[in-house]
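The values are calculated or read from the model by the stated rules, or taken from the named source; none is laboratory data. What you see is a predicted model; the values in this text were computed from it and never measured. Ideal geometry is used to build each Cβ from the backbone, glycine not excepted, and the neighbour counts take in all protein chains shown.
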């Protein structure tokens, strides 16, 4: 579904560097992701790319992840099943955003 390297790397970035995402960014992203289930994939890709481009630290981190992915691909042979790795990127991202928001809210409540 999502062939763009940034979209493929985004779930990894959410897991590995949640500190890059402010609560406001995550809430905004959650609002953007909600209607994407009804959008054609091309439009959804563009919407998310525009969101990344507007946030320099996130964009730079995605570029770094993409560079790392390209280096790994040079070393290991590519698999024909790689395209099946992510069946629904937008749902996966949405679930991770929700999880991080819940964690942030729990941290606030403890303070």
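Can we say residue 24 is closer than 21 Å to residue 97 by Cβ, modelled with pLDDT under 90 and out of contact with any helix residue (DSSP H, G or I) (no Cβ under 6 Å at 6 or more places or on another chain)?
Judged against the criteria, residue 24 is not a match.
If residue 79 satisfies all but one of (1) surrounded by 13 or more Cβ atoms within 10 Å (Cβ to Cβ); (2) at pLDDT below 85, what's the number of the condition it fails?
With (1) surrounded by 13 or more Cβ atoms within 10 Å (Cβ to Cβ); (2) at pLDDT below 85 applied to residue 79, the lone miss is (1).
Can you tell me which residues in segment 28-56 are touching a residue at least 24 places away in the same chain (Cβ under 8 Å) and surrounded by 13 or more Cβ atoms within 10 Å (Cβ to Cβ)?
Hits for segment 28-56 are 29, 30, 33, 36, 41, 44, 45, 48, 49, 52, 55.
Collect the residues in segment 27-44 that are modelled with pLDDT under 90 and under 11 Å from the mean Cα position of the chain (by Cα), keeping them in residue-number order.
33
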